Amino acid sequence: MKCPVNKNKQEPAPKPLKGFFGAFYQKLFRINDTPQRIALGLGLGVFSGILPGTGPIAALFLAFLLRVNRASALLGSLATNTWLSVVTFLLSVKLGSVIMKLDWQEVYQNWLLFLKEFHWSTLLRLSILKVILPVIVGYFVVAFCSGLVVYVTTLIILKYANKSRIDLPRCAKR
């Protein structure tokens with residue numbers, strides 16, 4: 001197959017993809033690492049981004065410990081940090097309550113009361129564990145499932161994209 005010749009010797013500028021997801025997709029594909037490490041880093045970043053109180057620093061630390069791609073972990077954490085925690089709050093309360101065999105509406109009402117009248121001394125009361133623990137357990141389940149879905153989806157997309165790149169004919173640089 002004959003390669004096209006560029007007479008201007010200047011590569012045309014790629015058309016920018018608009019929107020958050022387009023930029024996110026482009027940044028993910030510019031990472032020079034294996035698809036497994038990139039996908040695992042992104043899933044780990046989403047996991048740490050959903051958990052309240054954790055975020056980019058925790059994602060980078062976990063990525064360093066587990067030897068996965070730190071850039072994709074940071075991207076995943078920044079994409080989900082804080083805003084997704086707020087969105088998944090009610091789901092986390094319900095899941096944590098079901099797992100711990102508690103009434104989710106009671107846990108939810110106690111959680112709102114706990115936040116409204118927060119004092120450090122209330123953290124030491126044993127009954128507060130019936131409020132905090134179901135929420136934490138629920139967040140871990142939601143974060144793990146979200147991270148797993150992102151890992152599998154990203155791995156499939158990256159492997160498909162890499163396969164598509166390999167199938168294309170390559171021209172020798174002159």
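What to note about this one:
- Listed by position, the helices (runs of 4 or more DSSP H) inside the stretch 33-115 whose residues that are within 22 Å of Leu155 (Cβ to Cβ) and either of a type outside the set (Gly, Ala, Ser) or in contact (Cβ under 8 Å) with a residue 60 or more places away in the chain (or both) number at least 3 are 35-50, 56-66, 70-80.
- Hey, Ser92 closer than 30 Å to Asp33 by Cα and out of contact with any Asp or Glu (no Cβ under 8 Å at 6 or more places or on another chain) or not: no
- Extreme residue, modelled with the highest pLDDT, among residues of the stretch 43-57 that are surrounded by fewer than 19 Cβ atoms within 10 Å (Cβ to Cβ) and within 18 Å of Val135 (Cβ to Cβ): Pro52
- As a summary of the residue check, Ser164 satisfies the conditions (1) of a type outside the set (A, V, I, L, M); (2) more than 30 Å from Leu42 (Cβ to Cβ); (3) modelled with pLDDT under 75 except for the one numbered (2).
The values are calculated or read from the model by the stated rules, or taken from the named source; none is laboratory data. Every value quoted in this text rests on a predicted model; they were computed, and no experiment measured them. Here Cβ is always computed from backbone atoms with ideal geometry, including for glycine, and neighbour counts include all displayed protein chains.
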